[in-house]
Each structure stands twice: as structure tokens, then as C-alpha cells.
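Enquirer: My questions all concern the structure below.
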Amino acid sequence: MQLDFSEIRNADQFENLVAAYFEDIRNTGKVNPQISDVRVSSPGKGADGGKDILVTFTINDTIATYCKKWVVQCKFYNRAVNPSDLKDDNIPTLIHSYGANGYLLVCRENASQKLAELFGRLEEACVFSYKYQVWNGDKFRGRIVENSTSLVQTYFPKYYSFIHQPFKK
């Protein structure tokens, strides 16, 4: 049995899971020891201006302390996410309007090849050095399993019960 997003009921719960993942980084410090703080905006209801979550990392690289901010959008589709699914958002303008450094799309499933190519072109052509990233479902599941037992227990109770059941002979 593997961690399965079918335990997540809807898009709101998926957004809450993504926000909780970043909050867990702040609480555990497991992902990167150079991250000294993580600030996460709460997912809102209704029109969100093209963003679901804002995540700000405070990083100390032993020379200086600086911040990196990401606009995070979540797509809870049972199919690949296409550029047309983001058509209402001008992503570079969105990044700029929030004073962010990049845009992260977290997908339940995958991003289409066309969307991956679009993000590659945007990153290559960006004069502001914005970053464009996609976490497909497998990548996000892997990060959850690797870094957060508490998220597994909270959001994936069937999987948590399965992996913590006593070994029977």
C-alpha cells in the first residue's frame, strides 16, 4: 500500500495539506538546516488572486540571512494540469505582485508536457530570474512520507494505520 490522495476529500483539504507541509518544515526543520523560519499564509476561500498559499523562507547561509517567497497554487485534478487550467492567471505578474521569487504548482496528479514546456520557457526568458516549479503527485507524496509522520497521520489515516499495524506472523 502506498500513500494515496484518494484519502483527501476535496481541493480545500488538498490546499490545507500543502500549507501544513510547509508549516511542518518550520516546526521540524527537517528539510533544510539553512532554513531558519517559514511563514505560510492560510489558504483562503473564494477568489484568491491566482494564489492559494504564500510561503516565505528565511534562509541563513552563514554569510547572510535573506528571504525567498513563493506563490503556491494547488490543483486537485484527477488528470494532468494543462496551461489552459491556468489561463486566468498571468503568472509572472502574479509573482511580481506578491513580491515573490517564484511560482510553485502542486498537482494531485501531473503537469502536462505543454505546461512543463511553458514553465521552462518562462524561467529561461525571465529578466527577473523568477523560478517556476511543478511538484507532481508522486513528488509531493514522496516529500510527505519522507519528512512528516504527523501529516501522514492527520491527512492519510488509512495509510498511517497500515504502516503502523503490528507485524503478524
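Every number in this text was worked out from the coordinates using simple rules, so none of it is lab data. Small disclaimer: the values here were computed from a predicted structure and weren't measured.
Enquirer: Among the listed pairs LYS68/LYS158; LYS131/LYS158; LYS68/LYS139, give every one whose C-alpha distance is greater than 24 Å.
Expert: On the way: LYS68/LYS158 35 Å; LYS131/LYS158 35 Å; LYS68/LYS139 21 Å.
Correct reply: LYS68/LYS158; LYS131/LYS158.
Enquirer: Ok, one more. Could you calculate the contour length gain from ASN90 to THR28, that is, 0.36 nm times the residue separation minus the distance between their Cα atoms, to one decimal place in nm? Don't jump to the answer; show the numbers that get you there.
Expert: Details: separation 62, 0.36 × 62 = 22.32 nm, distance 3.40 nm.
This chain segment gains 18.9 nm when fully extended.
Enquirer: Which option, (i) 28, 21, 14; (ii) 44, 16, 13; (iii) 22, 17, 16, is the value of semi-axes √(5λ) of the Cα gyration tensor in Å that was calculated from these coordinates?
Expert: (i)
Enquirer: For region 60-111, build the convex hull from the C-alpha positions and give me its volume per residue in Å³.
Expert: On the way: hull volume 4.8 nm³, N = 52.
Spread over its residues, the Cα hull of region 60-111 gives 93 Å³ apiece.
Enquirer: How much mean residue ellipticity at 222 nm does the chain get from its helices, if each DSSP H run of length 4 or more adds -39500 (n - 2.57) and you divide by all residues, to the nearest 500 deg cm²/dmol?
Expert: It lands at -11000 deg cm²/dmol.
Enquirer: Got a sec to turn the phi values of region 109-121 into Karplus ³J(HN,Hα) couplings, 6.51 cos²θ - 1.76 cosθ + 1.60 with θ = phi - 60°, whole Hz, x for Gly and Pro?
Expert: Values per residue, Gly and Pro as x: 10, 9, 9, 5, 4, 4, 5, 4, 5, 4, 4, x, 5 Hz.
Enquirer: Can you tell me, using C-alpha contacts under 8 Å and at least 6 residues apart, the relative contact order of the chain as a whole percent? Let's see the in-between values first.
Expert: On the way: 253 pairs, mean separation 36.0, N = 169.
Normalised by residue count, the contact order of the chain is 21 percent.
Enquirer: Taking H as built 1.01 Å from N, whose amide H comes closer than 5 Å to the amide H of VAL134, not counting residues under 5 places away?
Expert: Result for VAL134 returns LEU105.
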